[in-house]
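See structure below.
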Amino acid sequence: RDGRMTDTEDRIKHVLEPLLGQPDPRERLSAYHDMPYALFRYDPAEEFALRKEITLLETRLGQKGKRIVRISLAGCLDQSMRSQRPIEEWIAAEREQGIESVVETVHAVLAEYSPLVDIVASRMPEEPDPFRDIVFISRTGALFPMYRTFSLLEQLKGRVHVPTILFYPGDLDGPAGLRYMGVCEAEHNYRPKIF
């Protein structure tokens, strides 16, 4: 690379960071008071570069007095699956029943038996202070193809009290549509703002 910023780095530094650095970012983040969160879209191929950028952003915001809580959806997925059976059994099931069957089962676990939304909500800051706390939800691609982030965001409504950014691997489709991982059919009814 020639030292120039990628589009993702540019949007993190010049759009997201100034907003999150404000005393109370909630109003600029969302039009809905019970949904103080937004999506930050990036190209799925940039996953590892993005993780590094999130760490740098966390450091810079920390220097401005912000407290960052990072929630890994890969970690939440792992917790949800392990609550039902050991990972080795999931791997064996995939070999025996095939991937489609296991994807359906995992979806049911995340939706009903050990709801992903409850795990994410339980990892939110203990005594949330919207003027200090910021939550980054990352590793979203780990849920593919078992769970669409769209349903997670809808279910988190009213359970998030501090500015929260969900880092979303996908493509834009029109002004407000997103294609998860660039392959799923586009969702056009995201209410959260997309950066």
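The values are calculated or read from the model by the stated rules, or taken from the named source; none is laboratory data. Values in this document were obtained by computation on a predicted structure and should not be read as measured data. Note that each Cβ is placed from the backbone with ideal geometry, even for glycine, and that neighbours are counted across all protein chains shown. Just the protein is used for accessible areas: all its heavy atoms, side chains included, with ligands, DNA and RNA removed. Shrake-Rupley method; radii C 1.70, N 1.55, O 1.52, S 1.80 Å.
Within region 152-173, the residues that satisfy the criterion of being of a type in the set (A, V, I, L, M, F, W, C) and surrounded by 20 or more Cβ atoms within 10 Å (Cβ to Cβ) are 152, 153, 156, 160, 162, 165, 166, 167. Residue 121 passes every criterion in (1) open to solvent by 30 Å² or more (accessible area, probe 1.4 Å); (2) without any contact (Cβ under 8 Å) to a residue 40 or more places away in the chain apart from (1).
Going through 150, 136, 167 one at a time, which residue ends up being of a type in the set (Phe, Trp, Tyr) and modelled with pLDDT under 85?
On the way: 136 fails: modelled with pLDDT under 85; 167 fails: modelled with pLDDT under 85.
Residue meeting the stated conditions: 150.
Within region 113-128, the set of residues being within 30 Å of residue 63 (Cα to Cα) and out of contact with any Lys or Arg (no Cβ under 8 Å at 6 or more places or on another chain) comprises 119, 120, 122, 123, 126, 127, 128. For residue 102, the requirement of being open to solvent by less than 30 Å² (accessible area, probe 1.4 Å) and aliphatic (A, V, I, L, M) is met. Considering only residues that are within 27 Å of residue 48 (Cβ to Cβ) and basic (Lys, Arg), which ones fall in region 97-144? Answer for region 97-144, where residues must be within 27 Å of residue 48 (Cβ to Cβ) and basic (Lys, Arg): 123, 139.
The set of residues in region 124-151 being open to solvent by 40 Å² or more (accessible area, probe 1.4 Å), closer than 19 Å to residue 26 by Cα and among the aromatic types (Phe, Trp, Tyr) consists of 131 alone. Of the residues making up region 1-42, those that are under 24 Å from residue 65 (Cα atoms) and touching a Pro at 6+ places or on another chain (Cβ under 7 Å) are 19, 20, 24, 25, 26, 29, 30, 35, 36, 37, 38, 39.
Only residues that are basic (Lys, Arg), out of contact with any strand residue (DSSP E or B) (no Cβ under 8 Å at 6 or more places or on another chain) and either modelled with pLDDT of 90 or more or closer than 14 Å to residue 136 by Cα (or both): list them for region 2-27, please. It would help to see each step written out before you state the result.
Filtering region 2-27 down to residues basic (Lys, Arg) leaves 4, 11, 13, 26.
Subsequent filtering for residues that are out of contact with any strand residue (DSSP E or B) (no Cβ under 8 Å at 6 or more places or on another chain) retains 4, 13, 26.
Residues satisfying the conditions are 13, 26.
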